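All remarks here apply to the structure that follows.
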Amino acid sequence: MTALGELAGTTTHEFNNVLMTVINYAKMGLRHKDDATRQKAFEKILAAATRASKITGTILGVAKNRKNRLEPTDLTGLVEDTLLLLEREMNKYRIAVEKIFRPVPEVMAEGNRIQQVILNLLINARQAMPDGGRLALKIDYDAESDMVDLVVRDFGCGIPKERLPRIFEPYFSTKSGPDESGKGGTGLGLALCKRVIEEHYGRIRVDSALGKGTAFTLKLPVARRTGPAC
């Protein structure tokens, strides 16, 4: 419920930003009569409406995929959709996102639940860099384990070594409470992530060093499609 609440809150915030863009440029178009200004206003309104359509499409996709079963899922697409929801938030906090996405096979997953995990990890990474910074995302195929890896790496404050063994415990948090955006600090997010990944027969690992940042690695099994019986 915490993860779903954050997803709903993030989506509402993003959609409100889009609406404000539409409203402000519509007002500008009404105030100014010259063609150049009105053309600019129309272009900005169209761009904002297109973004709104992508946001609602993402949310409808989450709702549509609430099937409570594992199925072949495009992990890269889930990450891209989640980044879309957080784009303005990342810009607001001056987070530069770097992506290294290799071609990978589909994974066996419940798309909406894995997206909740991704959302949680991205928000945690953003909060670890309150003064801005670099967020590195990597997706690759691990042939040895036959799994797809997703690495979420921030270059923030890092986690003290003595706290790492407890990082996935329910109600244990390295934060004092929610930040100004109202997110984080319940101690439930990473516990949820671990449970969801394990229910997908995957693994989650954390590596961190003070002053250097934190990397979370998700490993999810590759989807194996079976053909029709001969």
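The values are calculated or read from the model by the stated rules, or taken from the named source; none is laboratory data. What you see is a predicted model, and the numbers here were worked out from it, not measured in a lab. Heads up, the Cβs are rebuilt from the backbone with ideal geometry, glycines too, and the neighbour counts pull from every protein chain shown.
Worth a mention:
- Test: residue 177 is at pLDDT below 85 and in a loop (DSSP other than H, G, I, E, B): yes
- Among the residues making up segment 109-135, those that are more than 25 Å from residue 72 (Cα to Cα) and part of a strand (DSSP E or B) are 133, 134, 135.
- Residues within segment 142-166 that are under 29 Å from residue 105 (Cβ atoms) and touching a residue at least 12 places away in the same chain (Cβ under 8 Å), tallied: 11
- Filtered by the rule that a residue be within 15 Å of the chain's Cα centre (by Cα) and among the β-branched types (Val, Ile, Thr), segment 101-135 gives 114, 117, 118, 123.
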